[in-house]
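Have a look at the structure below before the remarks.
Readers should treat all values here as calculations from the given coordinates under stated rules, not as data from a laboratory. Quick caveat: nothing in here was measured; it's all calculated off a predicted structure. Cβ sites come from the backbone with ideal geometry, for glycine too, and all protein chains shown count toward neighbours.
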Amino acid sequence: MEATTLQPVKNFINGQFERNGQKSMDVFDPSTGAVISTLPMSGAAEVDAAVQAAKAAFPAWSGLTLKERVQVFFKYRSLLEQHCEELTKLVSLENGKTMGEARAEVMKSIELCEFAVSMPQIINNEIQEVSRGVECRIERRPLGVVACITPFNFPNMVPHWTVPNAIVLGNTVVLKPSEMVPLSTVRMAELLKEAGLPDGVFNVVNGGKEVVEAICDNSEIKAVSFVGSTKVAKIVYRRSSANLQRCVALGGAKNHLLVLPDAHLQMTANNVVASMSGCAGQRCMAAAVMVGVDAVQPIIDRMVEEAKLIVPGDNLGAVISKEAKERIEGYISEAESQGAKVLVDGRNATVEGKEDGFYVGPTIIDHVTPDMSVATEEIFGPVISIIRAKDLDEAIQIENNSNYGNAAAVFTQSGGLARRVMDKASAGMIGVNIGVPVPREPFSFGGWNESKFGVGDITGKSSIEFWTQNKKTTTKWNPEDKTNWMS
């Protein structure tokens, strides 16, 4: 796809693309540094227009049966398959991922749609005769207008964490994508309309901080989902909750991988390096800290060999922006100045023909101490810090001391030691000999501590509770029966 062919991004409100007189922001191709489009920096007026469209569409959409609503997503899933390569190119273009990573992201979106269309088989209303001739039943009902705020690192997949489930369950949606990656959601809107989704059920408002604040402040929005940094997740959770909205806000991560001396050498080295460098480290499930327990030097040596096979512009994509590149390289330099040893150095990476691209090479930093910034703060790049621990108890304590709690993993051949980590790690998602322990549907995605704010998870069966409310009905049709306390 040629950059010159991309049109300016527009908002999608009530089934129509529109662009008013807002200020604009450039959209970049991270791999080249070139401007590929612009988007409108919308505000409260555009959010309100989208909310009113969604509100008007809600009665008819929620009035359909669950089986009727999922039919749109059967068609939409088929369209995702038909346009897989086009969508893959869009993700790679606006995010900087390799084509393989971008394709995997689109395939995950397809899988998420498969869960959404399975809702009629998952959700069953509860009914029970609680007294002679008296029945109680519970039905799940949608909330109304809801909003989803999504990040730059998965422009196609993360919107599919929330939008299909929320809509299938009868809600109408306002989506605010990251201003750095608006292109995939434009195509999402087009394909949903082609699949037969009625106007107003799905709306997209582009912009930055002002749009997020308007969503949190709009009293007609009943629930808000957010994925992004912990700093902003806290703000969104507090602001939306103060407005009496439901909110689940996923924040950042500092995932610890505990490597024991008995770990399989090649599998561990491959997994740790892949977890650290996949998607250029720009994922909340990336390996950030390796805690090496006792004699793990052979594994570290093999990790260095594996990292040297990862080449920017070939099997490693760009980071999202020039600012991100500078920030990541700053962390590496700071750790080095504090006495850590850089075993593989990704600073000053360039790609021939794309010299203005935003690349950071794979980086392994050894002899990091737990108090260093590279050990405590989210870097969001292809960087892993190695902390040495004398035993498993110390390693677990290092993991537990992190403010975050998205994921943790252990590499060992001992089932008993793995069980100890599974029990003691302070994280919502645990891996055993798996560097990226992402649950698959119907299991839900969500962390602990400062990696998540709110009750429940954002995907899988847990999302059903978030996007619906229970209606309880008690009925009695037998006037001849004796009156009791249930009457």
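Across the cross-link table entries 23/176; 10/108; 97/341; 176/452; 55/89, which are compared at the Cα atoms, the separations over 22 Å belong to 10/108; 97/341; 55/89.
Using equal-weight Cα scatterers in the Debye expression, the normalised intensity of segment 122-240 in log10 at q = 0.13, 0.22, 0.23 Å⁻¹ is -0.57, -1.28, -1.37.
Among the trypsin sites (Lys or Arg not before Pro) found in segment 385-487, those both in a DSSP coil and sparsely packed, with 10 or fewer other Cβ atoms within 10 Å of their Cβ, are 390, 482. Put a dot 7 Å past the Cα of residue 130, heading toward its Cβ, do the same for residue 394, and the two dots end up 5.8 nm apart.
Against the chain, whose longest principal axis comes from its Cα atoms, helix 157-168 is set at around 10 degrees. As a proxy for reagent exposure, ranking 46, 220, 323 by other Cβ atoms within 10 Å from fewest up yields 323, 220, 46. Using R₀ = 35 Å, calculate the FRET efficiency as 1/(1 + (r/R₀)^6) where r is the Cβ-Cβ separation of residue 209 and residue 345; round to 0.05. Calculated value: 0.50. The spread of Cα positions in the chain, taken along each principal axis and listed from longest to shortest, comes to 82, 59, 40 Å. For segment 401-468, the share of alpha carbon pairs falling in successive 10 Å distance bins from zero is 22, 45, 27, 6, 0 percent. Considered as an equivalent ellipsoid built on the Cα gyration tensor, segment 317-422 has semi-axes of 30, 15, 13 Å, the largest given first. What is the helix-to-structure angle for 297-307, meaning the angle in degrees between its Cα long axis and the longest Cα principal axis of the chain, kept from 0 to 90 and rounded to the nearest 10? Rounded to the nearest ten degrees, it is 70. Extension gain for residue 64-residue 322 works out to 88.2 nm (0.36 nm per residue, less the C-alpha to C-alpha distance). Kirkwood Rh over alpha-carbon pairs of segment 106-155, then Stokes-Einstein at 4 °C and 1.567 mPa s: what D in µm² s⁻¹, rounded to an integer? D = 88 µm²/s.
Which entries of 231/472; 254/354; 193/231 have Cα-Cα distances beyond 32 Å here? Walk me through the numbers on the way to the answer.
Numbers: 231/472 38 Å; 254/354 30 Å; 193/231 35 Å.
Over 32 Å Cα-Cα: 231/472; 193/231.
Working from label points 7 Å from Cα in the Cα-to-Cβ sense, the residue 270 to residue 371 distance is 4.0 nm. Here the chain carries DSSP beta bridges of which approximately 45% are antiparallel, counting only pairs with both residues inside. For segment 80-201, the antiparallel share of DSSP beta bridges with both residues in that region comes to about 50%. Cβ-Cβ distance of residue 295 and residue 194, R₀ of 51 Å, FRET efficiency by 1/(1 + (r/R0)^6): the value works out to about 0.30.
Here 443, 202 are placed in order of increasing Cβ neighbour count within 10 Å, fewest first, which gives 443, 202.
Relative to the dominant Cα principal axis of the chain, helix 415-424 is inclined by about 60°.
Extending 7 Å from the Cα toward the beta-carbon at both residue 422 and residue 231 defines two label points whose distance is 3.8 nm.
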